[in-house]
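Colleague: Input: one structure, supplied below.
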Amino acid sequence: MSVWQRARARRTVVGAALVAAMTVTLSACGSDGKEEKPEAGQSAKQDGGSKQEDRSGQDSRTKQPDNGKVIATLKGPKGVVLDITSATRSSGGFVTLSGSLKNTASEKFYDTQVWSGPELNVIKGAGGSSLGGATLVDEKEKKRYYTLRDTDDRPLATTGIATLEPNSEQQVYMQFPAPPKTTAKVDLQIPTFQSVALTLTDG
């Protein structure tokens, strides 16, 4: 083989090696890109789940299921009455009570602050009077359940009850941790109201 032929052969080998090296490098970069980039479907599912949880949290504060039938009545001071129309145990692990708060008297009722309970952080979180001081008592298990609160200590119960107008009525709700499924009956207690027994139903 002549000198010219040997030089040409070396150039061919070097060129092939460079092409092979470039191919390996490009392949590696493509693999890294796929691993770091999340799949679009997975990202959408995660975002959707987060949004769904947010919506669920909002619904838990505003939704007030009510079948219209009074299942229990709590008598309060000066003509104030609380009719409970729903006491539902949710699969999510909480109990929702819904009802109607009435002032049957012909005068305004102002003493609503005590219904918030004694906890200052709950009163502050609610921004005033609320039904955050309500509790469920499980006599069977010897346990008392307080209203649920969000991360800002707002009770998951009706808030903003400053006064009750004469002969007025408003829809209210309260949410509590659910007692064990073996517990079917609980007592609802709210400061200044007479306690009442409730039978929980599955939602």
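Throughout, read-outs are computed from the coordinates displayed, never taken from laboratory work. This structure is a prediction, so every number in the text was calculated from the model and none was measured.
Colleague: In whole Å, what are the extents of region 103-203 along the principal axes defined by its C-alpha atoms, from largest to smallest?
Modeller: For region 103-203, the Cα spread along each principal axis is 43, 31, 24 Å.
Colleague: Which pairs, out of Lys75/Lys185; Lys108/Lys142; Lys75/Lys108, put more than 27 Å between their alpha-carbon atoms?
Modeller: On the way: Lys75/Lys185 19 Å; Lys108/Lys142 38 Å; Lys75/Lys108 17 Å.
Over 27 Å Cα-Cα: Lys108/Lys142.
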